[in-house]
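Written out below as structure tokens is the structure these notes cover.
Readers should treat all values here as calculations from the given coordinates under stated rules, not as data from a laboratory. All of these numbers come straight from a predicted model, not from anything done at the bench. Methodologically, a virtual Cβ is constructed for each residue, glycine included, from the backbone with ideal geometry; neighbour enumeration extends over all protein chains shown.
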2 protein chains.
Amino acid sequence: MSKSIKLAVLGLGTVGTGVLNLLNDNLAELKRRSGHDITITHVGTRRHRDDIDPNICQESDLMAIVRNPNIDIVIEVIGGQTVAKEVILEAIKNGKHVVTANKALLAEHGNEIFALAEQYHVHVAYEAAVAGGIPIIKVMREALAANKIDWLAGIINGTGNFIMTEMRDKGRTFEDVLTEAQALGYAEADPTFDVAGIDAAHKLALLASIAFGIPLQFDKVYCEGITDITLQDVTYAQELGYRIKHLGIAARRYHDGQQKEYGIELRVHPTLIPEDKLLANVNGVKNAVLVNAHPLGATLYYGDGAGAGATASAVMADVMDLIRVLTVENHGHHVPHLAFIPEALSDTPVLPADQMQTGYYLRLQAKDNLGVLADVTRILSDFGINIDAILQKPAHKQGEVPVIILTLPVIESKMNDAIKKIEALDAITAKVVRIRLDELAS
Amino acid sequence: MSKSIKLAVLGLGTVGTGVLNLLNDNLAELKRRSGHDITITHVGTRRHRDDIDPNICQESDLMAIVRNPNIDIVIEVIGGQTVAKEVILEAIKNGKHVVTANKALLAEHGNEIFALAEQYHVHVAYEAAVAGGIPIIKVMREALAANKIDWLAGIINGTGNFIMTEMRDKGRTFEDVLTEAQALGYAEADPTFDVAGIDAAHKLALLASIAFGIPLQFDKVYCEGITDITLQDVTYAQELGYRIKHLGIAARRYHDGQQKEYGIELRVHPTLIPEDKLLANVNGVKNAVLVNAHPLGATLYYGDGAGAGATASAVMADVMDLIRVLTVENHGHHVPHLAFIPEALSDTPVLPADQMQTGYYLRLQAKDNLGVLADVTRILSDFGINIDAILQKPAHKQGEVPVIILTLPVIESKMNDAIKKIEALDAITAKVVRIRLDELAS
């Protein structure tokens, strides 16, 4: 009953080439695992490539490929949100299953794409869209399917993590490391997507949907990048036993004693986390996602979040899953695109930023004045904000001292109000620097 | 098309009770994800339990349960290899899908059980059998299916890891920590399965099969426990930048330039690993598995390796997978039990212990004699064994000094011969202590 499965790869950039190489290297293992023959019959490319197996048809008309009745699965690795969207929608309408690595497209247009796929009884698989080769989509949609997922926190942008790691390990500035990351090819020429957190926000939107069963809501992700992180704050954090990581965090929020959450937090921002946590020790371009679920508890998934090999691994894992679907008569009951059946998606609101709760690292620049600490702590206390630690550093400017305060979790609107009052004090000479803090407690 | 899926849970110990609790807590989430109703209709228990939902039928005749035509999936959480095996075989013959957490049974009788399941077109799922709630079976069978897995190394026994962690963190002796672990319920009254490595060997046999596509070969796993690890060696390892962890390691071995491995190493033993690796920072009762695959590279999976909640999470993830199978007409093309299709299993031999290759930590007790180090290094050199580091400690006995030597990887038979020669030296006053060492390099 062995079949011959025919694939088309649209796009021959890093990932597309990685998929071709994977099939070339591992075809024997793929057959041993699937029991079927797997062939790339078509690639979609604007320019003819001489280094491709001549048995593979090179075609610049992508629509012709996705309409070709002989092709079983379309792999979209073009990127972007225009052509990629058109070919995916057309592939779906032609009854093709689709595998894509396109996080931006899915985060922003996934609700539409998945709805069309349901209508045409095909699957759109997207393991490669989040955390590269780490199988976090399969883990959360399938392996953790019996759990209620409470929150997750992930290092889901390798460029950002490389920069934060180098700043801490080598005492280098943000700008210095970014320049190197661009030279190494980790960061794009326009690094905004990475360092402003947009790439992480795309991935977080996908993770949150499959964790909580909510529609994709990329537009509601609070997003803060790492461009403002200074070496000074990295150092102070370290003195206090923390590391600053750029995290995507998604959490259900409950009122005391309630089973059903009243809201969901979706946020991407630099975060102080305790240095002895595994997540704090995920360095360089590596990614990792920590998931807290009931009754499983905390689990963590670590690996390469980008690169040809890791991404191709995820793309072909999706293909292997789809082969099982393709080889039964009735396509069967599949894992829902967003992990939960469409009619069970929840309308729990994503909370606005000022309703989110986290701990805080605050750095204040104060005139060397004994009274100021008393004033600041009184203001925090008036807003019900509990202090976890204080670090007063020796003055480095004439007569001015940095004061670092770590707080317990607090509703952000209260912190906003407290900071306004603190900044109004005469003894406070600069804007308060604030970085969120999470103990990552289970 | 929503169906009502009927489960039977055989065994009401920690795990069985955990499964009942999970269904009680998370039924709404399970329905949102699967689209189906899920009910435990029967539990198999010798004694009637008053604390169980009265709608669940309590039954002491397990065979009657597995023959009941209304039951869709049988969950075996009895443990042991006698009754558990009988009921699983009978369930299979009655066309039931089976979920089991029974690592010992599968490692020792899995080839027979899986063959019967193939014959009857049913699935035997076993996510809970290895590393508790960490979804390592699904990850390796499905998420990494496009890779060629080269090697894996795992902390797959929580009790052993708790003991090793406490010895290092708190300078406690093996015996002292073991007594506490027994009091805390981490270790059984008879701790042999844990501390002698048998439990880890069971799990490693399963992991190796799905990594490499070989039949289960528990009897060929080289197995060494942690009972001989002394505080002295833990301390010396730390001074050299290593931690001692009890690992299960499975690796393909290649001759230079060959694509196809000539043999497979399966071994469970204490291992020095570099302290900056994530695996070295997996502490307490936690488990983690590091997998090295092509083209994915290194990925790591971390979480609770035991306990009611984590195990129930894995059991019910299997149930969720089986529900998708149950709800299609034709049971379809499933993930092969051992990840590779039965006819593609490989007969690559498991290498005997003396043909395995690892680095070594050697501790020699020598008379304070300048010549002895020259003699020892000459012997190692004669056997082609490369030294990576030497640490000579001040004498703690009158005139005797411990000498620590770290070596690069070497075939074990050579090391055996070298150690014999070293022990024959007049200046060497005790048996050479040896612990394997792995840099965990990709």
Taking R0 as 25 Å, what FRET efficiency do you get between A:GLU180 and B:GLU275 from their Cβ-Cβ distance, rounded to the nearest 0.05?
0.40
Restricting attention to the stretch B:250-333, which chymotrypsin sites (Phe, Trp or Tyr not before Pro) occupy a DSSP loop and are surrounded by at most 13 other Cβ atoms within 10 Å?
B:TYR254, B:TYR262
Could you tell me which of A:ALA117, A:ALA101, A:THR82 has its Cα farthest along the dipole of the stretch A:41-190 towards the positive end, charges placed at Cβ (Lys, Arg +1; Asp, Glu -1), taken about the Cα centre?
A:ALA117
Within 10 Å of each Cβ in B:306-313, how many Cβ atoms from other chains are there, averaged over the peptide?
4
Taking the alpha-carbon centre of each part, the distance from the stretch A:231-252 to the stretch A:61-126 in Å is 38
What is the list of residues in the stretch A:250-269 whose amide nitrogen lies under 19 Å from a point 7 angstrom out from the Cα of A:GLN355, following Cα to Cβ?
A:250-268
Pairing the Cα long axis of helix A:83-93 with the longest principal axis of chain A, what angle in degrees results, from 0 to 90 and rounded to the nearest 10?
50
Anisotropy class of chain B from Cα gyration tensor, a/c 1.5 cut
prolate
Put a label point 7 Å from Cα along the Cβ direction on B:LEU27, then list its distances to the equivalent points in the other copies in nm, shortest first.
5.2
Would you work out which of A:ILE422, A:GLN182, A:ALA251 lies farthest towards the positive end of the dipole of the protein assembly as shown, given +1 charges on the beta-carbon of Lys and Arg and -1 on that of Asp and Glu, about the Cα centre?
A:ALA251
Roughly what % antiparallel, to the nearest 5, for the DSSP beta bridges in chain A?
70
Determine the shielding of peptide B:316-326 by partner chains: average, over its residues, the number of Cβ atoms on other chains within 10 angstrom of each Cβ.
4
Only four residue types carry charge here, +1 at the Cβ of Lys and Arg and -1 at the Cβ of Asp and Glu. Report the dipole size of chain B about the Cα centre in Debye, rounded to the nearest 20.
440
Two-site label geometry, B:LYS93 and B:ASN24: point separation in nm, points 7 Å out along Cα→Cβ:
3.5
Report, in debye and to the nearest 20, how large the dipole of the stretch B:344-442 comes out about its Cα centre when Lys and Arg carry +1 and Asp and Glu carry -1 on their Cβ.
340
Going by the alpha-carbon gyration tensor, a ≥ b ≥ c the square roots of its eigenvalues, is the protein assembly as shown rounded (a/c under 1.5) or, if a/c is not under 1.5, prolate (a/b greater than b/c) versus oblate?
rounded
Checked the stretch A:248-344 with the C-alpha gyration tensor, a ≥ b ≥ c its square-rooted eigenvalues, rounded below a/c of 1.5, otherwise prolate if a/b is larger than b/c and oblate if not; verdict oblate
On a 0 to 90 degree scale, rounded to 10, what angle separates helix A:198-212 from the longest Cα axis of chain A?
80
For the charge dipole of the protein assembly as shown, defined by +1 on Lys and Arg C-beta atoms and -1 on Asp and Glu C-beta atoms about the Cα centroid, which residue among B:ILE52, B:PRO135, B:ILE405 has the Cα displaced farthest towards the positive pole?
B:ILE52
Per-residue Cβ counts within 10 Å, from other chains only, averaged over B:284-290: what number is that?
2
For the pair A:ASP256 and B:ASP61, the simple spin-label estimate (label points 7 Å beyond Cα toward Cβ) gives in nm 5.4
Can you give me the angle between helix B:174-184 and the longest principal axis of chain B, using Cα atoms only, in degrees from 0 to 90, rounded to the nearest 10?
20
For A:ASP51, A:ASP256, ascending order of other Cβ atoms within 10 Å (fewest first) is A:ASP256, A:ASP51
List B:ARG253, B:ARG67 from most exposed to least, where exposure is judged by having the fewest other Cβ atoms within 10 Å.
B:ARG67, B:ARG253
Give the peptides A:117-130, B:184-197, B:272-285 in descending order of average Cβ contacts within 10 Å, highest first.
A:117-130, B:272-285, B:184-197
Please tell me the relative contact order of the stretch B:1-123 in percent, rounded to the nearest whole number, where contacts are Cα pairs under 8 Å and at least six residues apart.
25
Suppose you put the label 7 Å out from Cα in the Cβ direction; list, shortest first and in nm with one decimal, how far B:PRO274 is from each other copy's label.
2.7
Where nothing but the Cβ of Lys and Arg (+1) and of Asp and Glu (-1) is charged, how large is the charge dipole of the stretch A:137-304 around its Cα centre, in debye to the nearest 20?
740
Between A:ASP50 and A:ASP219, what's the calculated FRET efficiency when r is the beta-carbon distance and R0 is 35 Å? Round to 0.05.
0.20
